[in-house]
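I have placed the structure first, in the form of structure tokens, so that the comments after it can refer back to it.
The values are calculated or read from the model by the stated rules, or taken from the named source; none is laboratory data. The shown structure was predicted, so the numbers you read here are calculated from the model rather than taken from an experiment. No Cβ is skipped: glycine too gets one built from the backbone with ideal geometry, and neighbour counts run over all protein chains shown. Remember, those area values only see protein heavy atoms, side chains included, never the ligands or the DNA or RNA. Shrake-Rupley method; radii C 1.70, N 1.55, O 1.52, S 1.80 Å.
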Amino acid sequence: MLLSQLGLLVITVLLLLFITFQLYHQRPKKITKKNSVLGFSIFFVLFLLVFLIKNPHDAFEAAYSGLSLWLNVVFPSLLPFFIGARLLMGLGVVHFLGVLLEPFMKPLFRVPGNGSFVVAMGLTSGYPVGAVLTKSLREKNLLTKTEAERLVSFSNASGPLFICGAVAVGMFANPKLGLFLLLIHYASALTVGLLLRFYKAKEQPFTPSSLKKQKGSLLYRGFLELARARNQDGRPMGKLLADSVNESVLTLLTICGFMMLFSVTIRVLQTAGIFALLVPGIKSLLTLFHFSKELAEPFLSGLFEISLGCKNIASAASPLQQKLVLVSAVIAFSGISVHAQVSGI
């Protein structure tokens with residue numbers, strides 16, 4: 001076992017030297033942002049690989065922790081929402097809601113009415129449902145690029161199952177805190193949506209040609225759009241159901257991979273002492289706002305992974321008010337892990 005680990009370590013070092021040699025001889029005249037990101041990515045991946053070789057037990061425990069969280073919480077809570085959302089889109093219900101809510105969504109958020117479905121599902125289901133559904137609407141050419149950017153900025157939010165169940169009951173053991181945190185989170189998300197209506201405000205909105213020539217009441221036009229969308233999809237109910245299940249499971253497997261990766265990444269940063277280097281800076285920032293220094297490391301972990309961060313903050317020996325402020329911030333930011341999931345989606 002020791003020899004195999006040593007051999008892998010030697011191969012990793014040789015690979016690092018080879019890549020460094022190539023980059024040196026083919027270096028550009030001017031260092032660009034793209035080259036800097038590439039160099040950092042190579043270094044980090046190799047650093048992660050060395051850790052996995054040297055600490056297989058720690059890596060296994062961290063990966064298993066991420067897998068357990070996904071299997072016990074994320075998979076059973078999100079799969080029904082994913083399947084249901086894809087079925088409703090295939091049946092044309094999203095198009096129906098889009099027509100009905102167009103007068104409401106356009107003036108407030110400058111997104112089409114079908115964005116209301118994404119907002120409702122995103123706010124009730126949690127990360128990263130809003131991003132998944134925004135992607136689906138964009139692929140169907142029901143949103144412009146700018147409208148998709150506006151929509152995902154406030155529809156991709158945490159859900160009541162996580163805030164009220166996991167955080168308030170499971171971590172703080174106080175169900176009354178759930179509604180308080182939930183209202184703050186939803187209010188902040190919708191505020192972001194209202195502010196970003198001014199993002200690229202001069203760009204013309206996209207209106208499907210099928211809606212431009214329709215006349216009559218909103219309800220009548222909604223049913224016409226539902227029938228048109230269903231005919232355009234054309235898949236039998238059995239095929240639609242099978243496709244919805246397959247696409248939903250594949251999306252959740254991708255989320256599982258990200259959760260396991262970032263669980264291992266956090267363990268790497270802790271073991272390598274990088275967390276210890278970052279904690280003093282977080283402590284100084286918290287001191288400016290008269291927060292307890294004990295919350296520095298839990299808050300730092302929350303910047304990487306939302307569930308782990310909320311759990312660590314809730315268990316810290318600090319005033320409740322301070323813990324609620326930082327938990328709310330972590331839930332709103334969602335952690336680099338969720339950002340990576342959204343980027344991949």
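Less than 20 Å from a label point 7 Å out along the Cα-to-Cβ axis of Gln321: which backbone N atoms in region 268-293 qualify, by residue?
285-293
How big is the dipole moment of region 222-265 about its Cα centre under a simple scheme where the beta carbon of each Lys and Arg is +1, that of each Asp and Glu is -1, and everything else is neutral? Debye, nearest 20, please. Don't jump to the answer; show the numbers that get you there.
Numbers: 4 positive and 4 negative charges, 25 e Å.
The dipole magnitude comes to about 120 debye.
Tell me the per residue accessible area of region 100-194 using a 1.4 Å probe; a whole number in Å² is fine. Walk me through the intermediate numbers first.
Numbers: 3630 Å² over 95 residues.
Using a 1.4 Å probe on heavy atoms only, each residue of region 100-194 averages 38 Å².
Beyond a 20 Å Cα-Cα separation, which of these cross-linked pairs lie in this structure: Lys54/Lys311; Lys106/Lys200; Lys106/Lys145; Lys140/Lys200?
Distance filter (> 20 Å) returns Lys54/Lys311; Lys140/Lys200.
Rounded to the nearest 20 debye, what is the charge dipole size of region 216-327 about its Cα centre when +1 sits on each Lys and Arg Cβ and -1 on each Asp and Glu Cβ? Could you put the intermediate results ahead of the total?
On the way: 10 positive and 7 negative charges, 31 e Å.
In total the dipole reaches around 160 debye.
Using each residue's phi in region 274-283, evaluate 6.51 cos²θ - 1.76 cosθ + 1.60 at θ = phi - 60° and report the 3J(HN,Hα) Karplus result to the nearest Hz, with x for Gly and Pro.
In residue order, the calculated couplings are 5, 4, 5, 6, 8, 4, x, x, 5, 4 Hz.
For Gly126, which sequence-distant residues (separation of 5 or more, or a different chain) have an amide H within less than 5 Å of its own amide H, given hydrogens modelled in the peptide plane?
Here Ala157, Gly159 satisfy the definition.
Could you give me the ³J(HN,Hα) list for region 53-62, computed from phi with Karplus coefficients 6.51, -1.76, 1.60 and θ = phi - 60°, whole Hz, x at Gly and Pro?
With the stated coefficients, region 53-62 comes to 6, 7, 10, x, 5, 5, 5, 5, 4, 5 Hz.
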